[in-house]
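Structure first, commentary second.
The values are calculated or read from the model by the stated rules, or taken from the named source; none is laboratory data. Keep in mind it's a predicted model, so treat the numbers as computed, not measured. Here the Cβ positions follow ideal geometry from the backbone for every residue, glycine too, while neighbour counts run over all protein chains shown.
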Amino acid sequence: MQESAVLGLGKLMEAEIIPGSVILVTGAEGTLKSTLVFGLISDILGNSGEHGLYVTLEQSKESHLKNMDGLGIKKRDELHIFDYRDMRREWMDQEPDLLEATKDVIEYYQEKYGNLAVFALDSLNALYTISDKADPRKSMYDFFSYLREEELISFLIQEMPNFRRNPLSFDLDRPERFLADGTIELGLMEGRSGVKRYIQILKMRAAKHAMEKHQLIADECGLKILGQIY
């Protein structure tokens, strides 16, 4: 039996994330958002025989694999990484409907493997930059509804600014904040002993969870969630 890629998750949640949940994973640059999502997917898939799909619009597949390997997170054969970069070269000056294209990618993997259980998008920021949507709220509502109807556990990565440095650099009225079933925030805290990474569950429907910030560390064996940070 493979050791968990995210040790200590039980300190934060008493139950597993249920199928059909759409979870935001937010945080500033360097807070291990992608790493956490890879670890969560690895643990969810376990030895179930189900498949997962990670769609990346920013880093290359090779970069993600290198990062995972450096932190001891084994990429399961059932986890598939789809890199949008090649398709974006083909689009050139066109304005693609990335949400619809992402649905097509999901359906392709569903048809190919038959038991797609987990989906991740990296990142919402890149999607907003590329897509030209007149009504992003409705588009995002439809996309979230689609993910729920497919009964996928979905992780949507969203980079947030460091509010202490630039408190006006992010629009807090983004629709996904209200539409998501859960929000996991990653961040950095400065203290007398130096800078620490933290993880905090701000919202998780249908699951009891801790509200406090917990320390998050990364080493060659994966991610570990330690005690509360006060």
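When the residues of segment 79-99 are filtered to those that are of a type outside the set (Phe, Trp, Tyr) and assigned to a helix (DSSP H, G or I), the one that is modelled with the highest pLDDT is LEU99.
In segment 59-78, the residue that is modelled with the lowest pLDDT out of those that are in a helix (DSSP H, G or I) and of a type in the set (Gly, Ala, Ser) is GLY70. Of note, SER193 satisfies the criterion of being more than 19 Å from ASP43 (Cα to Cα), at pLDDT below 90 and not β-branched (Val, Ile, Thr).
Restricting to segment 189-215, name every residue that is among the aliphatic types (A, V, I, L, M), in a strand (DSSP E or B) and crowded, with 17+ Cβ neighbours inside 10 Å. Scanning segment 189-215 gives ILE199, ILE201, MET204. The numbered conditions (1) surrounded by fewer than 20 Cβ atoms within 10 Å (Cβ to Cβ); (2) under 22 Å from ASP77 (Cα atoms); (3) of a type outside the set (S, T, N, Q) are all true for ALA120 except (1).
Being modelled with pLDDT under 85, assigned to a helix (DSSP H, G or I) and of a type in the set (S, T, N, Q): is that true of THR102 here? Against the criterion (modelled with pLDDT under 85, assigned to a helix (DSSP H, G or I) and of a type in the set (S, T, N, Q)), THR102 does not qualify. Figure legend. Inter-residue proximity from segment 15-43: first residues over 20 Å from GLU78 (Cβ atoms), second residues modelled with pLDDT of 95 or more and in a helix (DSSP H, G or I), beta-carbon distance below 7 Å, spacing 6+ or different chains. Indicated pairs: VAL22/PHE144; VAL22/LEU147; VAL22/ARG148; VAL25/LYS33; VAL25/LEU36; VAL25/VAL37; GLY27/LYS33. When the residues of segment 131-151 are filtered to those that are crowded, with 16+ Cβ neighbours inside 10 Å and in contact with a Pro (Cβ under 7 Å, 6 or more places away or on another chain), which remaining residue is modelled with the highest pLDDT? Checking each candidate, the answer is MET140.
ASP43 - would you say it is over 14 Å from LEU216 (Cβ atoms) and touching a Lys or Arg at 6+ places or on another chain (Cβ under 9 Å)?
No; evaluated as a whole, the condition is false for this residue.
In segment 216-230 there is no residue that is of a type in the set (Gly, Ala, Ser), buried (at least 16 other Cβ atoms within 10 Å of the Cβ) and modelled with pLDDT of 95 or more.
Would you point out the residue of segment 169-188, among those that are surrounded by 13 or more Cβ atoms within 10 Å (Cβ to Cβ) and over 17 Å from PHE143 (Cβ atoms), that is modelled with the lowest pLDDT? Break it down into steps so the answer makes sense when it comes.
Of segment 169-188, the ones surrounded by 13 or more Cβ atoms within 10 Å (Cβ to Cβ) are 170, 174-177, 179-188.
Imposing the further condition that a residue be over 17 Å from PHE143 (Cβ atoms) reduces the set to 170, 184-188.
Details: PHE170: 48, ILE184: 97, GLU185: 96, LEU186: 97, GLY187: 95, LEU188: 94.
Within segment 169-188, the match that is modelled with the lowest pLDDT is PHE170.
In segment 1-58, what residues are small (Gly, Ala, Ser), outside any loop (DSSP other than H, G, I, E, B) and crowded, with 18+ Cβ neighbours inside 10 Å?
Let us first name the residues in segment 1-58 that are small (Gly, Ala, Ser), namely 4-5, 8, 10, 15, 20-21, 27-28, 30, 34, 39, 42, 46, 48-49, 52.
Add one more test, that the residue is outside any loop (DSSP other than H, G, I, E, B), and what stays is 10, 27, 34, 39, 42, 52.
Scanning segment 1-58 gives GLY27, SER34, GLY39, SER42, GLY52.
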